[in-house]
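In what follows, a single structure is set out as structure tokens and then discussed.
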Amino acid sequence: MPADERPSGRIDTETAHSARIYDYILGGTDNYPADREAGDAMAREWPAMPIHMRANRDWMNRAVRWLAEKAGTRQFLDIGSGIPTSPNIHEIAQAAAPDSRVVYVDNDPLVLDLSRDLLTSTPEGRTGYVEADMRDPAAILDAPGLRTTLDLSQPVALTVIAIVHFMLDEDDAVGTVRRLLEPLPSGSHLAMSIGTAEFAPEEVGRVAHEYASRGMPMRLRTFAEAEEFFTGLELVEPGIVQVHKWHPDGTGTETIRDEDIAMYGAVARKP
């Protein structure tokens, strides 16, 4: 049912939320009037925002498919999973490899409410959900829901999609990602998309202002700052690029200009 018809419980329906804005712009129904107002305001400031968000989602799908099909990955740990939008990571991974196991992590009460949509699985595979804050890696890694779903002695793909731009300098995004990656064995991968203002600085700057005015300050990163997340890892070709340039599959129907995309994407292997 649409979010407006769902009991709100712990959910703050009066304040816009980044995951629900994303859901709204992608055409979802799990959002509230405050999210729709915010999304409309941001799209007025940067009309390419829907193109940008769809490109990020498409990149996630391609990256997960590559990990399952080309890298042989069978375990996925998704940080900041957000509101379920099909196809989800487990659907993509299990379509390629039915025995894939996926753990989703988020701290949004609405995502918890909708987690039933994330916990479907093939008979051969398994999915789990952990309610935790990304800034507390120990709580994630020690969670029973993770330990009963994933075997950390075997390679895991850590996916951190479109989330670190909401981590400010004091949150130590690079250190947080490294702490999440640290216990994962050799052969694991890191897949990230990282917000940037390098291709449309004025427009994206105005969008960042809209987020900040609603209590969601952003930390957009340069290419050099994006590189820091992958120090010590082996980047998969073509390296760190705008998301629409990472292994394009030719299925997109819209023309995407570089200035329409404010996200770097990359996949890297832990040696």
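Among the residues making up the range 208-253, those that are closer than 15 Å to residue 56 by Cβ, modelled with pLDDT of 95 or more and not in a helix (DSSP H, G or I) are 218, 220, 221, 240, 241, 242, 246, 247.
The range 97-182 holds strands (runs of 3 or more DSSP E) entirely within its bounds, and those carrying 2 or more residues that are hydrophobic (A, V, I, L, M, F, W, C) map to 101-106, 157-161. Just so you know, in the range 40-79 the residues that are under 14 Å from residue 94 (Cα atoms) and among the aromatic types (Phe, Trp, Tyr) include one that is surrounded by the fewest Cβ atoms within 10 Å (Cβ to Cβ), and it is 66. Within the range 108-135, restricting attention to residues that are surrounded by fewer than 16 Cβ atoms within 10 Å (Cβ to Cβ) and out of contact with any Ser or Thr (no Cβ under 9 Å at 6 or more places or on another chain), the residue that is farthest from residue 64 (Cα to Cα) is 133. Of all the criteria given as (1) touching a Ser or Thr at 6+ places or on another chain (Cβ under 7 Å); (2) outside any strand (DSSP E or B), the one not satisfied by residue 191 is (2).
For the range 80-101, the set of residues classified as out of contact with any Leu (no Cβ under 7 Å at 6 or more places or on another chain), in contact (Cβ under 8 Å) with a residue 60 or more places away in the chain and aliphatic (A, V, I, L, M) consists of 89 only.
Go through the range 102-155 residue by residue and tally those that are touching a residue at least 60 places away in the same chain (Cβ under 8 Å), more than 22 Å from residue 216 (Cβ to Cβ), touching a Pro at 6+ places or on another chain (Cβ under 8 Å) and not polar (S, T, N, Q). Looking only at that region, the number is 1.
The values are calculated or read from the model by the stated rules, or taken from the named source; none is laboratory data. Just so it is clear, the structure is predicted and the values come from calculations on it, not from any experiment. Please note: Cβ atoms are built from the backbone with ideal geometry, for glycine as well, and neighbour counts cover all protein chains shown.
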